[in-house]
Amino acid sequence: MAKDGTMRGNKAGNYNRAGRGVQKTLIEKVNDGTVRNLPTLDTPHLVGNDMPTVESYMESEQHQGIEFRAGEIQQATWKWLRERRCDGFINPMLVNQYAMHLARWIQCEEAISKYGFLSKHPTTSQAMKSPYTQTSIDYSKQAVIVWGQIYQIVQEKCSEPWSGPTPQDDVMEQLLSQKS
């Protein structure tokens, strides 16, 4: 329906399955035989470099002496990418972003566990929702978006079949293993 209230165009609405179809992953193209020239990664300059170094801001001491685990998450993600031989296709800053968002999300969840879901309003002293809950949701969304970008590149560029856990699957285990 148009803004003026008249019905125009297709009366049945949008067609089902209209638009661009889902692209096949590289491994599906190889199995179908539709790809001839496989993308290769020229890695002689990477010999001896297992993963990028952890930046200092990813391991800096946090307020109240809380351990910041971004460096640990970054190393686990690079290890996972290297096992799939896709580490050369991923921008290191993308992995750093993912690690930072995930580490901040873990910090927010720890704060919620420590202080609870409610806090005191600064002016009215009434109970209100803890600001850590919304911050946790925001960091979680950001981490999922960045992980989606990383995972999409792995799906498109990985020429070997693989299965098993991903660093994203292990997030809750990291959260639960934290010391209070």
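Bear in mind these aren't lab numbers, they're just calculated from the coordinates by the rules spelled out. Keep in mind that this is a model prediction, so the values were computed, not measured. In this analysis, Cβ positions are derived from the backbone assuming ideal geometry, glycine residues included, and neighbour counts consider all displayed protein chains.
How would you rank 93-106, 59-72, 134-147, highest first, on the average number of other Cβ atoms within 10 Å across their residues?
93-106, 134-147, 59-72
So for the pair Gln62, Lys120, with labels modelled 7 Å out along Cα→Cβ, what separation do we get in nm?
For the pair Gln62/Lys120, the computed spacing is 2.5 nm.
Can you work out the PRE-style zone for Gln149? Point 7 Å along Cα to Cβ, and I want the residues of the stretch 75-108 with backbone N under 14 Å.
Counting only backbone N, you get 90-102.
For the stretch 67-158, evaluate the Debye formula with one uniform point scatterer on each Cα (no solvent term) and list log10 I(q)/I(0) at q = 0.22 Å⁻¹, rounded to two decimals.
-1.01
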